[in-house]
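The values are calculated or read from the model by the stated rules, or taken from the named source; none is laboratory data. Just so it is clear, the model here is predicted, and its values are computed rather than measured. We place every Cβ from the backbone using ideal geometry, glycine too, and count neighbours over all the protein chains shown. We work out accessible area using only protein heavy atoms, side chains counted, and drop any ligands, DNA or RNA first. Shrake-Rupley method; radii C 1.70, N 1.55, O 1.52, S 1.80 Å.
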Amino acid sequence: MKTRLLVASSLVAVSVALGAAQTQIVPPSNKYTPEQDVQLGRDAAAQARQQLPIMNDESVTSYIEGIGRRLVSAIPNELREPEFHYTFEAVNVREINAFALPGGPMFVNRGMIEAAHSEGEVAGVMAHELSHVVLRHGTAQASKATKYELGTIAGAIVGAVIGGRVGSGVAQVTQFGLGTAFLRYGRDYERQADLEGAQIMARAGYDPREMARMFDTIKKQGGAGGPEWLSDHPDPGKRSDYIVAEAAKLRVENPIRDTAGFTRVKSHLASLPKAPSTEQATANAKRGGGGTQPANSGRITERVEAPSSQYTQYNEGDIFSVSVPSNWRELANSGAVTFAPEGAYAETNAGSIFTHGVELGIARNEAHDLQTATGELIAALRQGNPQLGQPSNYRRTSLNGQTALQTSMTNISDATRREEVIQMVTCQMRDGNLFYAIAVAPRDQVSTYQSVFQRVISSIRFAR
């Protein structure tokens with residue numbers, strides 16, 4: 001089974017008043033169609049993924065996807081384009097930056113998350129980027145360059161985002177956007193993205209003033225003269241002042257502050273090897289090092305040792321503990337926590353694959369009931385496993401004394417091309433998020449692993 005989950009942000013009770021006093025933003029004229037935005041962004045994103053070190057880390061990816069989905073749900077109806085498809089990926093580079101492409105693809109640098117002091121600051125950068133997309137600033141700016149064809153523009157975008165100036169990284173070429181001859185956002189577009197981003201933040205439950213604070217952080221990091229990318233994207237002037245003034249018009253009560261997810265992802269990033277600079281990463285890609293960040297660890301073999309009758313207990317921070325067969329190992333750098341025997345696990349560019357074992361994790365839940373949240377989790381799994389079957393009837397059970405659901409599905413393993421059985425148990429934690437346990441075994445070995453899975457589930461203890 002391949003595990004790469006798309007999960008949603010947890011719901012926080014907020015009250016937002018969006019009155020007529022908010023600044024009205026009118027998208028600029030544009031000779032391109034929304035379908036061309038999508039084509040342009042798709043082509044550029046494909047090239048970006050080949051040359052940038054995309055993080056194959058589920059805990060980071062699911063975190064920014066959760067924020068992204070919350071922001072996308074707050075796009076005003078008049079700016080929604082049904083053709084657009086929003087995706088959110090983390091890039092393993094140290095610069096504080098993010099960039100979005102026409103039609104919806106967004107890339108968030110690890111360095112930006114590490115520099116943020118709150119989830120709202122991360123959301124502020126992403127909301128600004130999202131606003132460039134929904135206002136179609138990229139192709140609006142390209143509309144002024146009438147002698148260029150769409151394919152030429154796509155190539156120029158990738159050249160700027162990936163290559164940059166000689167000796168410069170992405171963060172020095174862009175200001176939350178695309179630094180090309182066609183897509184250099186001027187002061188007017190930057191101001192529009194700031195204000196529309198503040199409004200989207202407010203609708204999503206974040207305090208727009210945190211966007212202003214993140215901008216201040218970025219500016220300070222650039223030294224006395226400010227970051228070099230300001231020469232391509234000049235500060236509209238008094239940026240913090242007008243964002244704070246717009247925030248006062250929006251009146252967000254009980255905004256989202258630091259969340260458990262933000263704390264966890266910051267702690268997780270601190271435990272990883274230091275991220276390279278964009279220049280180092282792209283140089284590695286040019287040498288043939290590739291753009292993704294596969295661990296390339298483990299291997300899938302035909303023969304896998306049967307589960308040991310002896311069990312070893314693992315404590316996963318202050319979240320939960322679990323006991324698994326002693327001949328299973330805990331797999332580091334897999335998005336969630338995976339336990340599998342030798343020969344049953346591999347990390348590939350497409351994600352983590354395991355043929356025998358158990359994966360345990362937490363998916364962010366937008367306050368849905370247990371069965372709905374479980375269904376969303378299965379739908380997310382299906383995106384990476386298109387042959388994943390429909391779940392059997394949900395059976396109520398218990399997990400560490402809490403109400404849980406258990407179901408099973410079939411799948412065709414990407415590694416072996418054989419049918420496998422997926423068993424899943426889910427329950428809601430005290431903070432509302434969804435805890436899940438996924439067990440995988442080949443169809444012809446299910447009887448051997450059924451009792452093992454039940455013993456693992458019975459051993460789980462939540463720390464809070």
Q: Give the residues of region 384-399 that are open to solvent by less than 50 Å² (accessible area, probe 1.4 Å) and outside any loop (DSSP other than H, G, I, E, B), sorted by residue number.
A: Gly384, Thr397, Leu399
Q: Take the residues in region 257-270 that are among the small types (Gly, Ala, Ser) and at pLDDT 90 or above, then tell me which one is least open to solvent (accessible area, probe 1.4 Å).
A: Gly261
Q. If you check every pair at least six apart or on different chains, which have Cβ atoms under 8 Å apart with a residue in region 44-56 that is of a type in the set (Phe, Trp, Tyr) first and a residue that is open to solvent by 10 Å² or more (accessible area, probe 1.4 Å) and in a helix (DSSP H, G or I) second?
A. none
**Q.** Only listed residue being over 25 Å from Leu434 (Cα atoms), open to solvent by 10 Å² or more (accessible area, probe 1.4 Å) and not β-branched (Val, Ile, Thr), chosen from Phe99, Phe107, Phe84
**A.** Phe84
Q.
Conditions first: (1) more than 20 Å from Asp216 (Cβ to Cβ); (2) touching a helix residue (DSSP H, G or I) at 6+ places or on another chain (Cβ under 8 Å). His128 passes all but one, so which condition is the exception?
A. (1)
Q) What is the number of the single condition among (1) open to solvent by 60 Å² or more (accessible area, probe 1.4 Å); (2) of a type in the set (Asp, Glu); (3) part of a strand (DSSP E or B) that Glu420 does not meet? A) (1)
Q: Residue by residue through region 208-254, note down the ones that are at pLDDT 60 or above and open to solvent by 80 Å² or more (accessible area, probe 1.4 Å).
A: Arg209, Arg213, Lys219, Lys220, Gln221, Lys238, Asp241, Arg251, Glu253, Asn254
